[in-house]
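Just so it is clear, none of the values below were taken in a lab; they were calculated from the coordinates. Keep in mind the model is a prediction, meaning the values are calculated, not measured. Here Cβ is always computed from backbone atoms with ideal geometry, including for glycine, and neighbour counts include all displayed protein chains.
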Amino acid sequence: MLTRRGFFAGTLATTSTAGVASLSGVGSSWSGRHSVVVVGGGPAGVCAAIAAARHGADVLVVEQGNCLGGMGTQGLVGPFMTCYDKSGKFQLIRGLFDEIVRRMVDMGGAIHPKDVRAGTSFAAWHVRGHDHCTPFEPEALKFVLDDLCREAGVKVLYHATFMSSVMDGNRIAGVEVLTKSGVRRIAARVVIDATGDGDVAFRSGAPCEKGDASRGGAMQPATMFFRIGNLPESTVEAVRAQYPNESMCFVSLLKKAKADGKWHIPRPHVNIYRSVKPDEWFVNVSRLNGVDATDPQSLSDAEESGRRQVREIMAFFRDYVPGAKDVRLLSTASTIGIRESRHVLGEYVLDKDDIIEGRVPSDSVFLCSNSIDLHAGKGASGTLYMTIRDGDWYGVPYRCLVPRSVEGLLVAGRCVSASSVAAAAIRVMPPCMAMGQAAGAAAALAVKSGVAPRVIDAEALAGLLKSDGVWLG
Ligand SMILES: Cc1cc2nc3c(=O)[nH]c(=O)nc-3n(C[C@H](O)[C@H](O)[C@H](O)COP(=O)(O)OP(=O)(O)OC[C@H]3O[C@@H](n4cnc5c(N)ncnc54)[C@H](O)[C@@H]3O)c2cc1C
């Protein structure tokens, strides 16, 4: 019997159903049927969709916004953090990530990470964690993702918000989404939750944790990213030259603004990332503590407060940064940037030690080196930063993509199964794309072989990923 778990979520049935749904037997009330439905078209979701479609699945992406790319487009977040190993010598994350980057490079919309080094303006002059990051233009990312989806035969339903899971016992049989023409009920053999917030997993009854349980559910702060223009690099470099002991930008200038009562944001420096376009920068400075992205009012308040902070930051540039009085605000992000909300609990929960000790489980679906970067992990303005101690990379196992208790569901991206601290390393876009690619390939494999994603052949999955350019060591 089909039941709906959504805003009216019931308790979780505990019987286990192996296999994937047979779409012919689930009734006639569906408005669409696909072998794989991906909810959320961000970095994880779009890679999941392309990978699944390339392996023969009939794929639909359900996206609440008007473009693919998630935080990378709607959120104006960039650059892509490192895809290299800790030594900075070897590109670990390849596959679809690299394909997307190369397409953007070809249209003049990105610089390949091999050509970008730490300590430069493209890396906001950061050294740790920023070697071989990838500056890109969000509009180029939109175009490339449109092209790749169209070429792979992925269907995309924009302006469609996931509402509820349709459950057949403990197996997800489809989703209900809210569209301009009302509610659509879409059947799927496998659903991939790439919402960032774990909306589908949560509504399906999978266990989730919000924030860091060991710190009273604390979540990383939100940030309103924005883009500025008419600020030559030479102007910024000239100001930096006046403060040779400050590795971060404008620390003394901010102190002065604070003393004058003109700075109220709990951030002691300015992060500005040079864009691929001349004189343009992406600004990652605003900081909103205590935002809960799963609470609509908290999210709404954050949008307004974020824009208010943007005005304060713009005033700081004009009034305190020598030579920057003509800086222009080009755009604020169309959505507030959320670093953390729900963590779906899967068959394995990645933890801090997996990262620090450079562990590579046998069912790893990608390898990466991103460090733990827990904003506000040391008080409101401090960041807890930890990097790999043993080796140059760690692996993320397939089990992190498989939620406990619910069949027919995979999770990819920010909400994947990881502790709050470990998620602070793998939440950045290159790992999210890599786990999306793995989830998509796994979903296609499950559909083809008629088994639940939980029990697919791990070696077959690794074989598929390797043949698709994923480096697994
Ligand atoms: C302030 C900030 C700074 C960051 N800095 C960097 C950085 O410099 N480099 C880097 O690589 N990463 C950075 N990140 C991390 C990175 O941007 C995100 O963690 C990453 O984009 C997560 O990818 P995702 O696909 O899981 O989720 P998202 O990018 O959030 O995409 C989720 C998608 O799902 C859609 N969606 C959500 N809910 C629903 C629903 N109910 N129904 C339908 N659609 C839905 C959303 O519209 C969105 O398109 C930063 C993040 C933030 C917030």
Amide H contacts under 5 Å for residue 4, restricted to residues at least 5 apart in sequence or on another chain and with H modeled in the peptide plane, are 167
Rg/Rh (Cα only; Kirkwood hydrodynamic radius) as it applies to the stretch 351-473: 1.00
What's the exposure ranking of 387, 134, going from fewest to most Cβ atoms within 10 Å? 387, 134
When the Karplus curve 6.51 cos²θ - 1.76 cosθ + 1.60 is applied with θ = phi - 60°, which whole-Hz ³J(HN,Hα) does each residue of the stretch 127-134 get, with x for Gly and Pro? 9, 6, x, 10, 5, 6, 7, 10
Cα-based convex hull, the stretch 347-398, per residue volume (Å³, whole number): 77
Which of the three applies to the chain, rounded, prolate or oblate, going by the alpha-carbon gyration tensor with a ≥ b ≥ c and a/c under 1.5 meaning rounded? prolate
Round to the nearest 10 and give me the degree value, 0 to 90, for the angle of helix 296-320's Cα axis relative to the longest principal axis of the chain. 20
About its Cα centre, the chain carries a charge dipole, from +1 on Lys and Arg Cβ atoms and -1 on Asp and Glu Cβ atoms, whose size in debye to the nearest 20 is 580
Cα-Cα longer than 27 Å, checked against 210/277; 86/142; 155/448; 142/448; 256/325; 352/378, kept in input order, equals 210/277; 86/142; 142/448
Please arrange 314, 224 by counting, for each residue, the other beta carbons lying within 10 Å of its beta carbon, fewest first. 314, 224
How do the peptides 357-368, 462-473 rank, highest first, by the average count of neighbouring beta carbon atoms within 10 Å per residue? 357-368, 462-473
Taking only Cα atoms, what is the 0 to 90° angle, nearest 10, from helix 95-106's long axis to the longest principal axis of the chain? 50
For the chain, give the share of DSSP beta bridges that are antiparallel, in percent and rounded to the nearest 5; count only bridges with both residues there. 70
If one compares the long axis through the Cα atoms of helix 138-152 with the longest principal axis of the Cα atoms of the chain, the angle in degrees, nearest 10, works out at 20
In what sequence do 454, 307 fall when counting other Cβ within 10 Å, fewest first? 307, 454
Cα-based shape type of the stretch 226-332, given that a ≥ b ≥ c are square roots of the gyration tensor eigenvalues and the cut on a/c is 1.5: prolate
